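**Student:** Below you'll find the structure I mean.
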Amino acid sequence: MKLLRLPDVSNRVRLGKSTIYAFIKCGKFPAPIKQGNGNYWLDTEIDAYIRSLVENRANQSVGE
């Protein structure tokens, strides 16, 4: 398990900072861990978020 900073998270999910924080606010994205002056995300939670996008896409294709 690794902690990721915002630039790493943004690169992985291809979303900008404001979109990430907007998604966090509505519960669509994992919340960060606050440590000192920074925010960090667990790589496992980001991987799970990406997997859920892929699964949702697959489920939508099946239903069409």
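Nothing in this text is a laboratory measurement; each read-out follows from the coordinates by a stated rule. Treat the numbers as computed from the prediction; the structure is a model and nothing was measured. FYI the Cβ positions are ideal-geometry reconstructions off the backbone, even for glycines, and counts take in every protein chain you see.
**Student:** Where in the chain are there trypsin sites (Lys or Arg not before Pro) that are in a DSSP coil and have at most 10 other Cβ atoms within 10 angstrom of their Cβ?
**Tutor:** K2, R14
**Student:** Stokes-Einstein D for the chain at 4 °C, 1.567 mPa s, Kirkwood Rh over Cα pairs, in µm²/s?
**Tutor:** Numbers: Rh = 12.6 Å.
After rounding, the answer is 103 µm²/s.
**Student:** According to a simple spin-label model (label point 7 Å from Cα along Cα-to-Cβ), what is the distance in nm between N11 and K34?
**Tutor:** Spacing of the two 7 Å Cα→Cβ label points: 2.7 nm.
**Student:** Dipole size in debye (nearest 20) for the chain around its Cα centre, Lys and Arg Cβ +1, Asp and Glu Cβ -1? Walk me through the numbers before you get to the answer.
**Tutor:** Details: 10 positive and 6 negative charges, 55 e Å.
Using only the charged Cβ atoms, the result is roughly 260 debye.
**Student:** Run the numbers for A48 and M1: contour at 0.36 nm per residue of separation, minus the present Cα-Cα distance, in nm.
**Tutor:** Taking 0.36 nm per residue and subtracting the Cα distance, the gain is 15.7 nm.
**Student:** Using 0.36 nm times the number of residues separating E55 and K25, minus their current alpha carbon distance, what extension gain do you get?
**Tutor:** 8.6 nm
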